[in-house]
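Asker: One structure coming up, written as structure tokens, with questions to follow.
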Amino acid sequence: MRTGDCVLKLRNINKFFASTHANNNISLTFNRGEVRGIVGENGSGKSTLSSIICGMQKADSGEMFKDGKPYAPKSPLDAISNGISMVVQELGVLTQLTIPLNIFIGREKQFSKFGIINTRKMKKAAQRELEKFGLGVVDVDDYAGDLSIEHRKMVELTKALMVDPDVLILDEITQALSRDNRDRVHKVIHDFAEKNKTVIVITHDIEEIVELADTITVLRDGQVVGTVKASETTPDKIKSMMIGRDLTGNYYRTEEEETRGENVILSVKDLTLPGVFNDVSFDLYEGEILAFCGLSDAGIHELGEAIYKIGDKSQGKVLTPLAQKKEVESPIDIIRAGGAYLSKDRDVAGLMLQADIKTNIAIPSIRDLAKGGLFVKPKDVRKKAQDAVDTFEVKCTGIEQPVMRLSGGNKQKVNLSRWLTRDLKFIILDCPTRGVDIGVKEYIYHVLAEAKDKGIGIIMITDELPEAIGMADRIMVMHKGTIAKTIHRSEGFTEESIIEVMI
Amino acid sequence: MNTANPSAKMPPRLKRRLIGMAVFFAILCLIYVVINIMTDGKFLSAFNIKTIITHAVFSSILAFGMSFIFSAGIIDLSIGAKVLLASNVGLIFAYDFNLGYPGLLLGTILCCIILQLISAWLVVSLKIPSWIAGLGVALVLEATLAEYSTGRIKSGLTSVINMTDDMRLFGTTPVMFTMMIVCFIVAYILFNYTKIGINLRAIGSNASVAQAMGVNYKKSIFIGAIVGAIFIGIASVIQISYNTKLEAVTGLSSMSRMFNSLAAVLLAQSINRIFNNTIGILVSSVVLMSVFNALTMLGVPSGTWQTVVLGAIIVICGILANIGNKGVVK
């Protein structure tokens, strides 16, 4: 039963990072049994706010009250002991530990006798917890480092739920998930709220939050723009509140027919990754956007890796008919054939976070920048980076800024710009808009449409159906490792028809 | 990523491990048999096997100790210097203070603990990168022992105390083997089944995440240093009891004392998909010593060429360990 009485209150919270006013006088009230969405563009202060509530950082001024009592957590552990648990961007899993140890670390005493931990008992308990929350899709014998980003999030969520908190904070968790796992998390959220608990969901997926939440708070430039009832608003209204102006029409493609060139630029023949996907064959044409959709076990993300020749060794052929070397055997062959690949896991497999923007942008083009195949002029590198930053409107203090200091959206702009400023023939994008706000998303779609017009072929692997429907010429729906259906834009895409095939 | 299959009799990871172990030991046996044939049956003689295991005792116990320090991400290059200094301190306690075996054990182990705590403090409290701190500490400890040696020589004594036969109990084979087995069991339990090992591994994975999950960073590092130092101290006692003396060295030459153990730790990491870390250290130590032994028997000069082979083995193990891994770290 949802009682609706106040569980957490924030009063005039302020947080500064140098001259940036990340949280500006934020006052909010969260009620029991409420699912509250917090949305805002990258850099609007959402994650800063959640990290203050979670005890990961302290507010410069302001007060918080939990159940009417002053609440000022010194650490995430302190927050947990006060009944506030979280799955946030900054935290993660401990890669060298198994899943049970990840779930129970800090609480391993219950399995300990004379200081010796009964790992078998812990493993069974971990399995029980994962199944209890409907998240038992992982093998508990695995090390966390061997898990996909999706399954890592499931482990983190189980850990957060296990302490039975009063308030659960989920910071951009669902965007890492495929549709089936997303549905599992939605169920967990609903069940949790039904127990008169509070869930705070921070997300960039406006459509999702309007459907999922009871109330939505919109932040802009560190300030609260407003809190609205989800039942009384629309995604477009929320987007307008976020960016401070009305959206100028649809940011997806508007034409109903597919358009593409005549030449095949990438041909995949009978590509098989045993146990993941079988006999995948297709051709990608110049100027075509070909989307791949599927559930978490469909193999769409692994397909992207296999085409780019990373990950486990696959069978079958990847051909680039227009390139000098026809058959692709390594990522270098793809790059030389004018191809590129963007991983779903941007921070781990995409960008060099410690390095500056300049280095990240220059690396894929270093061969072109090297004079006589060896010498690279720093001036050329700087120019290349500055051009990319200007073209892609990357918000940064300069090209020397480390990429780790950028917001998610600007990181993705750097990630995209370093490839799209090259003379590309095709690009494989795995979840290109994961973790970016609506403004950056709009920008990325615009960039992709421009790339398409230039004749660049695009493989778009996505967990977001509106994105595939909005942008693709063709959608290949995968089910359990095979292409179950190919739908053309001219046939008319609908979410229902795609989901029907996916499940 | 494998999904759980309740109908499966054996967990997939365990199955993979058992197959890996079977393949590993099959290849090892094959190589041993070939070497045995090449050495006219001398390599697998009882006497030679005993020699190999004897040589593996020091490196394996030292490696057990190192694993408690390295697993938290602390690369301490001063462990060899600590072995040299602490074992000589043990001898001072045993002979100069007339404390006998208790003095030898206590002096060596206590010295190791103090020195290891200093190293941990430099890293944890002063935030000095561990490898830099390690090099600095190694130079200081080497110089300290060298000064001590110079002082003794000036006094008309030998450069270091030479252990007499009546004190060499820890250098005799039955005791050494027993110590190795006991140390293995204790290290195995501490590393895998206690908060000590789990917290250290958590810190090694990601220190800030581990702290957010309730791991006390400083306390864990200091406890790891103490536990590691106890093993290093025991290894030092065995080493000096076996050798009767450990001379002072300078110019970071002390690092050679820890090189075999370091190689065992690295090898254990490279085969950690097959063997648990502690078991991996034991297996690696024995394998490395048998490699050196075989090379000596085959007439390969000790020193340069044997080191080249050791380096090659480490590289090959690293490659083998990564076969089948995904190209993209997820």
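The values are calculated or read from the model by the stated rules, or taken from the named source; none is laboratory data. Please read these numbers as outputs of a predicted model, since none were measured by experiment. For neighbour counting, all protein chains shown are included, and Cβ atoms are generated from backbone atoms with ideal geometry for every residue, glycine included. SASA here: full protein model, heavy atoms, side chains in, ligands and nucleic acids out. Shrake-Rupley method; radii C 1.70, N 1.55, O 1.52, S 1.80 Å.
Asker: For residue A:299, indicate whether it is away from every other protein chain (no Cβ under 14 Å), farther than 16 Å from residue A:457 by Cα and of a type in the set (Gly, Ala, Ser).
Answerer: no
Asker: Report the residue count in the range B:84-132 for those that are under 30 Å from residue B:175 (Cα atoms), of a type outside the set (Gly, Ala, Ser) and in a helix (DSSP H, G or I).
Answerer: Total meeting the criteria: 24.
Asker: Here is a list: A:63, A:41. Which entry is under 24 Å from the mean Cα position of the chain (by Cα), in contact (Cβ under 8 Å) with a residue 40 or more places away in the chain, away from chain B (no Cβ under 14 Å) and open to solvent by 40 Å² or more (accessible area, probe 1.4 Å)?
Answerer: The conditions single out A:41.
Asker: Let me ask something additional. Filter the range A:358-393 down to the residues that are at positive phi and in contact (Cβ under 8 Å) with a residue 40 or more places away in the chain and list them by number.
Answerer: Filtering the range A:358-393 down to residues at positive phi leaves A:372-373, A:393.
Once the filter is applied, which keeps residues that are at positive phi and in contact (Cβ under 8 Å) with a residue 40 or more places away in the chain, the range A:358-393 yields only A:393.
Asker: Kindly indicate which of A:35, A:88 is in contact (Cβ under 8 Å) with a residue 60 or more places away in the chain, away from chain B (no Cβ under 14 Å) and open to solvent by less than 10 Å² (accessible area, probe 1.4 Å).
Answerer: A:35
Asker: Determine which member of the set A:380, A:368, A:423, A:347 is in a loop (DSSP other than H, G, I, E, B), of a type in the set (D, E, K, R), open to solvent by 20 Å² or more (accessible area, probe 1.4 Å) and closer than 25 Å to residue A:334 by Cα.
Answerer: Result of the check over A:380, A:368, A:423, A:347: A:423.
Let's see how each residue does on (1) at pLDDT 95 or above; (2) part of a helix (DSSP H, G or I); (3) of a type in the set (A, V, I, L, M, F, W, C); (4) within 25 Å of residue B:202 (Cβ to Cβ):
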site	(1), (2), (3), (4)
B:6	no, no, no, no
B:14	no, yes, yes, yes
B:25	no, yes, yes, no
B:28	no, yes, yes, no
B:34	no, yes, yes, no
B:37	no, yes, yes, no
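Asker: Restricting attention to the range B:212-226, and to residues there that are at the interface with chain A (Cβ under 7 Å from one of its Cβ atoms) and of a type in the set (Gly, Ala, Ser), which single residue is surrounded by the most Cβ atoms within 10 Å (Cβ to Cβ)?
Answerer: By that ranking, first place goes to B:212.
Asker: Among A:195, A:269, A:229, A:239, which is the only one that is open to solvent by 30 Å² or more (accessible area, probe 1.4 Å) and either within 30 Å of residue A:309 (Cβ to Cβ) or within 23 Å of the chain's Cα centre (by Cα) (or both)?
Answerer: Details: A:195 fails: either within 30 Å of residue A:309 (Cβ to Cβ) or within 23 Å of the chain's Cα centre (by Cα) (or both); A:229 fails: either within 30 Å of residue A:309 (Cβ to Cβ) or within 23 Å of the chain's Cα centre (by Cα) (or both); A:239 fails: open to solvent by 30 Å² or more (accessible area, probe 1.4 Å).
None of the others qualify; the one that does is A:269.
Asker: Pairs needed: first member in the range B:102-124, touching a residue at least 40 places away in the same chain (Cβ under 8 Å); second member anywhere, among the acidic types (Asp, Glu); C-beta distance under 9 Å; at least 6 residues apart or different chains.
Answerer: Between residues of the range B:102-124 that are touching a residue at least 40 places away in the same chain (Cβ under 8 Å) and residues that are among the acidic types (Asp, Glu), the close pairs are B:116/B:76; B:119/B:76; B:120/B:76; B:123/B:76.
Asker: Next up: Which members of the range A:445-468 meet the condition of being β-branched (Val, Ile, Thr) and crowded, with 22+ Cβ neighbours inside 10 Å?
Answerer: Residues of the range A:445-468 that are β-branched (Val, Ile, Thr), as a first pass: A:447, A:456, A:458-459, A:461-462.
Correct list: A:456, A:458, A:459, A:461, A:462.
Asker: Give the residue that is nearest to the other protein chains (Cβ to nearest Cβ), with candidates limited to residues of the range B:156-211 that are open to solvent by 30 Å² or more (accessible area, probe 1.4 Å), among the β-branched types (Val, Ile, Thr) and not in a helix (DSSP H, G or I).
Answerer: B:172
Asker: What number of residues within the range B:78-125 satisfy the criterion of being on the phi < 0 side of the Ramachandran plot and either open to solvent by 50 Å² or more (accessible area, probe 1.4 Å) or among the aliphatic types (A, V, I, L, M) (or both)?
Answerer: The total comes to 32.
Asker: Does residue A:305 qualify as being in a loop (DSSP other than H, G, I, E, B), farther than 12 Å from residue A:479 by Cα and open to solvent by 10 Å² or more (accessible area, probe 1.4 Å)?
Answerer: The answer is no for residue A:305.
Asker: If a residue has to be open to solvent by 10 Å² or more (accessible area, probe 1.4 Å) and in contact with a Ser or Thr (Cβ under 6 Å, 6 or more places away or on another chain) to count, how many in the range B:65-77 make the cut?
Answerer: 2
Asker: In the range B:33-52, which residues are under 24 Å from residue B:271 (Cβ atoms), touching a helix residue (DSSP H, G or I) at 6+ places or on another chain (Cβ under 7 Å) and open to solvent by 50 Å² or more (accessible area, probe 1.4 Å)?
Answerer: B:44 - this is the single residue of the range B:33-52 that is under 24 Å from residue B:271 (Cβ atoms), touching a helix residue (DSSP H, G or I) at 6+ places or on another chain (Cβ under 7 Å) and open to solvent by 50 Å² or more (accessible area, probe 1.4 Å).
Asker: Specify which of the listed residues (A:395, A:384) is within 22 Å of the chain's Cα centre (by Cα) and of a type in the set (D, E, K, R).
Answerer: Every option except A:395 fails the conditions.
Asker: Identify, please: which residue in the range A:174-229 is part of a strand (DSSP E or B) and not aliphatic (A, V, I, L, M) and is, among those, modelled with the lowest pLDDT?
Answerer: In this case the residue turns out to be A:220.
Asker: Applying the selection to the range A:311-343, what residues are within 9 Å of chain B (Cβ to nearest Cβ) and surrounded by 19 or more Cβ atoms within 10 Å (Cβ to Cβ)?
Answerer: Listed by number, the residues that qualify are A:311, A:343.
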